[in-house]
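Undergrad: Here it is, the structure in full.
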């Protein structure tokens, strides 16, 4: 399993390997689950209180289903670790962060300076998501950010 | 028109720096071409047959004179002195060097322009009615809604790696001048019986290899929920659109396979959830944008009368001007389709001249049309003659809007890596062959694509031409009866294809047959619809 290279959380990382979404409902002890692109993240919503780690796999960077999975979990109130794994590349980091990912375990380690630049590139955003950042329209009209 | 504030400017400036960094990593080898490809595409940079091609976004086709002049200067500085206006209301440059692309983007950012999301599997530049804000028949100016969508869709974090590209159009007139129902999402801004503004959503239209006309999935989304509804449409597509086959990955296939009702049900369910997420911009933001699109200071009490003594001028007025909502003004279409020319091409000088004319005669505004022409939306009738003289002097006065010479053509095999056949030479030959009969034939929309991807909109042409590769030889299929607009229909193939000269002859036979058959006042399309394919086929193949 690839190392977590970037993590934006203070709690202790979960070491357990994630079980599949299908198996998760049965395995009442499991605290870590792994979402593949074809899985429905909403299948996990009844179990959010016992999940501490969700890995979302990007087998190829061009398959963007994981972005929706991440946002759906955060929108439902999931507060545990949300980790992007697989083909996680520099230029996807900022999008992933905005969709609620707070840990990144790229299968090929990224250049730390390039990653830093990518995380901080955009000081402004047009859309509110689940990351709590105030969108441009909120700043224009003096509206407090949600979340 | 819309003016950037510090936030909009910060976004495009950050994008220039990001792209500069991506190009640096590509050139030093730390970024593989495979990973660079979607990034440069998301910035409109294609590797074509001979060089890089850069597509610059013209949001909803609206430009001011400073921007237009800058586009002309860019054609000189980075290209070979030409720009090519496209069916997405954008402009493309065909001879770009990768190392220079970041500087080009920086030049664009100085005039509030960019190339963001002009390609790639993301939400593309939103198009609109080229007569917006000037047409007498619109419910309201659709561009503020398109601008709201532009901002929402720019760097949307969830929808930047969709199954396939995603095109949206916004109109606000039942006379659809933007082929709205041939988009992934077409929005018609409407007013309901209570006088409230809302958005009718048409989802799952498109051209390409499986052309489909979008069904209406919701006839009235309240305007303060339009972005949320769009987000729901996109989320269902991002999650369930096919990713196993790129030819079946557009949203039209999802809507078709699920069925309109089931797709709509899923959207409504997602919409109900997203309404709880506070993602809709407040109406104050829409109002802020609308203030940018207030009417210019039209003079009142003007006459619509003009001196038609010069017959060439009178013909141009008849063909290339359209009724304006304000008495004494006209909407002017500048044809980029001179006889034998390359459809949509303009030289750097011509681009700058059009910019200057907009400043002088059209309240500093221009529009790019999806038919690859330029519009000056607000010209005083009294200025038309002087304007026309400048156009004439610059080879911009072709009087052929919506005539057979006003051909839409994709770049085809002369430039494009996807093409199977050349489009431009076919357009040039048809334009030359038919020029003498053009006025007699009347309205006839002819559209040419060099491959099945249909960038030249051949499905929607009254006459459509599709270039294919048949055992290594370019072959052209003929289609009849396509139409965009309120009565959208898809063209039908006549029969076996033709070679390059053969297709020109086939077009001539079809139009000669129409001239022989037409009843009073019928356009080519009307005659075709009345008598059907069989007699046309007989005339074409004899």
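The values are calculated or read from the model by the stated rules, or taken from the named source; none is laboratory data. None of these values were measured; they are calculated from a predicted model. No Cβ is skipped: glycine too gets one built from the backbone with ideal geometry, and neighbour counts run over all protein chains shown.
Undergrad: Being within 28 Å of the chain's Cα centre (by Cα) and surrounded by 14 or more Cβ atoms within 10 Å (Cβ to Cβ) is the filter here, so list the residues in region B:293-313 that pass it.
TA: B:293, B:296, B:298, B:313
Undergrad: Next up: Just checking, how many residues over region A:106-137 are in contact (Cβ under 8 Å) with a residue 60 or more places away in the chain and at the interface with chain B (Cβ under 7 Å from one of its Cβ atoms)?
TA: Residues in region A:106-137 being in contact (Cβ under 8 Å) with a residue 60 or more places away in the chain and at the interface with chain B (Cβ under 7 Å from one of its Cβ atoms): 0 in total.
Undergrad: Filter region A:1-54 down to residues that are free of Cβ contacts under 8 Å to residues at least 24 places away in the same chain, out of contact with any helix residue (DSSP H, G or I) (no Cβ under 6 Å at 6 or more places or on another chain) and within 14 Å of chain B (Cβ to nearest Cβ), then give me how many there are.
TA: Total meeting the criteria: 2.
Undergrad: Could you go through region B:186-201 and let me know if any residue there is in contact (Cβ under 8 Å) with a residue 40 or more places away in the chain and within 24 Å of residue B:455 (Cβ to Cβ).
TA: First, pick out the residues of region B:186-201 that are in contact (Cβ under 8 Å) with a residue 40 or more places away in the chain: B:187, B:189-191, B:197, B:199.
Okay, now just the ones that are also within 24 Å of residue B:455 (Cβ to Cβ), so B:187.
For region B:186-201, residues in contact (Cβ under 8 Å) with a residue 40 or more places away in the chain and within 24 Å of residue B:455 (Cβ to Cβ): present.
Undergrad: Might you let me know whether region B:94-102 holds any residue that is crowded, with 22+ Cβ neighbours inside 10 Å, farther than 21 Å from residue B:408 by Cα and either assigned by TED's automatic domain parsing to the domain that holds residue B:343 or touching a residue at least 60 places away in the same chain (Cβ under 8 Å) (or both)?
TA: For region B:94-102, residues crowded, with 22+ Cβ neighbours inside 10 Å, farther than 21 Å from residue B:408 by Cα and either assigned by TED's automatic domain parsing to the domain that holds residue B:343 or touching a residue at least 60 places away in the same chain (Cβ under 8 Å) (or both): present.
Undergrad: Checking the structure you have, find out if any residue of region B:31-52 is crowded, with 23+ Cβ neighbours inside 10 Å, assigned to a helix (DSSP H, G or I) and more than 14 Å from chain A (Cβ to nearest Cβ).
TA: no
Undergrad: Let me ask another. Looking at this structure, is residue B:150 surrounded by 23 or more Cβ atoms within 10 Å (Cβ to Cβ), touching a residue at least 24 places away in the same chain (Cβ under 8 Å) and over 30 Å from residue A:97 (Cβ atoms)?
TA: Values: surrounded by 23 or more Cβ atoms within 10 Å (Cβ to Cβ): yes; touching a residue at least 24 places away in the same chain (Cβ under 8 Å): yes; over 30 Å from residue A:97 (Cβ atoms): no.
Criteria not met by residue B:150.
Undergrad: Take the residues in region B:247-276 that are more than 14 Å from chain A (Cβ to nearest Cβ) and not in a helix (DSSP H, G or I); name whichever of them is surrounded by the most Cβ atoms within 10 Å (Cβ to Cβ).
TA: For region B:247-276, the residue satisfying everything is B:250.
Undergrad: Also, quick follow-up: Looking at region B:9-19, which of the residues that are within 15 Å of residue B:42 (Cβ to Cβ) and touching a residue at least 40 places away in the same chain (Cβ under 8 Å) is nearest to the other protein chains (Cβ to nearest Cβ)?
TA: Result: B:11.
Undergrad: Can you pull out the residues in region B:277-298 that are without any contact (Cβ under 8 Å) to a residue 60 or more places away in the chain, at the interface with chain A (Cβ under 7 Å from one of its Cβ atoms) and assigned to a helix (DSSP H, G or I)?
TA: Within region B:277-298, B:277, B:284, B:288 qualify.
Undergrad: Could you go through region A:62-83 and let me know if any residue there is more than 8 Å from chain B (Cβ to nearest Cβ), free of Cβ contacts under 8 Å to residues at least 12 places away in the same chain and farther than 28 Å from residue B:24 by Cβ.
TA: The answer is yes; a qualifying residue exists.
Undergrad: Follow-up. Would you mind stating whether residue B:234 is part of a helix (DSSP H, G or I), modelled with pLDDT of 95 or more and facing chain A (nearest Cβ under 10 Å)?
TA: Working: part of a helix (DSSP H, G or I): yes; modelled with pLDDT of 95 or more: yes; facing chain A (nearest Cβ under 10 Å): yes.
Yes; evaluated as a whole, the condition is true for this residue.
Undergrad: Going residue by residue through region B:66-81, is there one that turns out to be over 18 Å from residue B:22 (Cα atoms), crowded, with 23+ Cβ neighbours inside 10 Å, within 14 Å of chain A (Cβ to nearest Cβ) and within 18 Å of the chain's Cα centre (by Cα)?
TA: No, region B:66-81 contains no residue that is over 18 Å from residue B:22 (Cα atoms), crowded, with 23+ Cβ neighbours inside 10 Å, within 14 Å of chain A (Cβ to nearest Cβ) and within 18 Å of the chain's Cα centre (by Cα).
Undergrad: Residue B:243 passes all but one of (1) within 14 Å of chain A (Cβ to nearest Cβ); (2) buried (at least 19 other Cβ atoms within 10 Å of the Cβ); (3) in a helix (DSSP H, G or I); (4) touching a residue at least 40 places away in the same chain (Cβ under 8 Å); which number fails?
TA: Against the list (1) within 14 Å of chain A (Cβ to nearest Cβ); (2) buried (at least 19 other Cβ atoms within 10 Å of the Cβ); (3) in a helix (DSSP H, G or I); (4) touching a residue at least 40 places away in the same chain (Cβ under 8 Å), residue B:243 comes up short only on (3).
Undergrad: To continue, here is another question. Looking only at region A:84-103, count every residue that is assigned to a loop (DSSP other than H, G, I, E, B) and either within 11 Å of another protein chain (Cβ to nearest Cβ) or crowded, with 24+ Cβ neighbours inside 10 Å (or both) and tell me the total.
TA: So in region A:84-103, the residues assigned to a loop (DSSP other than H, G, I, E, B) come out as A:87-89, A:99-102.
Those still in the list that are either within 11 Å of another protein chain (Cβ to nearest Cβ) or crowded, with 24+ Cβ neighbours inside 10 Å (or both) too: A:87-89, A:99-101.
Counting residues in region A:84-103 that are assigned to a loop (DSSP other than H, G, I, E, B) and either within 11 Å of another protein chain (Cβ to nearest Cβ) or crowded, with 24+ Cβ neighbours inside 10 Å (or both) gives 6.
Undergrad: If you check B:357, B:376, B:315, which single one turns out to be assigned to a helix (DSSP H, G or I), under 27 Å from residue B:305 (Cα atoms) and touching a strand residue (DSSP E or B) at 6+ places or on another chain (Cβ under 8 Å)? Before the answer, list the steps.
TA: Working: B:376 fails: assigned to a helix (DSSP H, G or I); B:315 fails: touching a strand residue (DSSP E or B) at 6+ places or on another chain (Cβ under 8 Å).
Answer to the check: B:357.
Every residue, every condition in (1) part of a loop (DSSP other than H, G, I, E, B); (2) more than 14 Å from chain A (Cβ to nearest Cβ); (3) in contact with a strand residue (DSSP E or B) (Cβ under 6 Å, 6 or more places away or on another chain); (4) surrounded by 24 or more Cβ atoms within 10 Å (Cβ to Cβ), yes or no:
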{"position": "B:163", "(1), (2), (3), (4)": "yes, no, no, yes"}
{"position": "B:175", "(1), (2), (3), (4)": "yes, yes, no, no"}
{"position": "B:181", "(1), (2), (3), (4)": "no, yes, yes, yes"}
{"position": "B:194", "(1), (2), (3), (4)": "yes, yes, no, no"}
{"position": "B:200", "(1), (2), (3), (4)": "no, yes, yes, no"}
{"position": "B:208", "(1), (2), (3), (4)": "yes, yes, no, no"}
{"position": "B:217", "(1), (2), (3), (4)": "no, yes, yes, no"}
{"position": "B:221", "(1), (2), (3), (4)": "no, yes, yes, no"}
{"position": "B:226", "(1), (2), (3), (4)": "no, no, yes, yes"}
